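K.L.:
Have a look at this one before I ask anything.
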Amino acid sequence: MAKLPDFLVHDSADVVGVAVVEGIKKGQALTGWVMDKNKTIRIQCVKAIPLGHKVALKPLKCGATVLKYGHDIGKLIADVPKGGHVHTHNLKTKRW
């Protein structure tokens with residue numbers, strides 16, 4: 001049986017994946033599944049990522065739009081390295 005993914009990416013245009021396992025630790029090698037392309041990707045986690053939180057799939061700059069599930073979910077208020085933790089501490093809605 002193949003190893004289950006650590007994170008999911010719904011759309012290949014997404015810049016973040018969603019952690020689907022608990023206990024992701026700093027420095028851990030992660031496996032993700034890009035659902036629309038049915039492919040596996042691997043990244044090195046640079047921060048602990050809680051279940052349901054997001055991991056950056058590439059380096060992201062402050063002010064960048066974050067795509068998740070193929071949709072704009074907000075903009076970053078800080079730079080995030082590839083494998084970094086993306087959540088409310090560095091991602092804000094564009095509505096306010």
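K.L.:
Identify all residues within the range 65-96 that are among the acidic types (Asp, Glu) and under 25 Å from Gln28 (Cβ atoms); write none if there are none.
P.N.:
As a first pass, look at the range 65-96 and keep what is among the acidic types (Asp, Glu): 72, 79.
If the condition is that a residue be among the acidic types (Asp, Glu) and under 25 Å from Gln28 (Cβ atoms), then Asp79 is the only one that fits.
K.L.:
Further question on the same structure: From the list Gly32, Gly17, Gly52, exactly one residue is small (Gly, Ala, Ser) and farther than 21 Å from Thr93 by Cα. Which is it?
P.N.:
On the way: Gly17 fails: farther than 21 Å from Thr93 by Cα; Gly52 fails: farther than 21 Å from Thr93 by Cα.
So the residue among Gly32, Gly17, Gly52 that is small (Gly, Ala, Ser) and farther than 21 Å from Thr93 by Cα is Gly32.
K.L.:
Would you list the strands (runs of 3 or more DSSP E) that sit entirely within the range 3-96 and hold 3 or more residues that are touching a strand residue (DSSP E or B) at 6+ places or on another chain (Cβ under 9 Å), of a type outside the set (A, V, I, L, M) and open to solvent by 30 Å² or more (accessible area, probe 1.4 Å)?
P.N.:
Working: elements: 7-9, 16-19, 29-34, 39-44, 54-56, 65-68, 71-76.
Output list reads 39-44.
The values are calculated or read from the model by the stated rules, or taken from the named source; none is laboratory data. Just so we're clear, the structure is a prediction, and the values are computed from it rather than from any experiment. Methodologically, a virtual Cβ is constructed for each residue, glycine included, from the backbone with ideal geometry; neighbour enumeration extends over all protein chains shown. Surface accessibility is based on the protein's heavy atoms, side chains included, excluding ligands, DNA and RNA. Shrake-Rupley method; radii C 1.70, N 1.55, O 1.52, S 1.80 Å.
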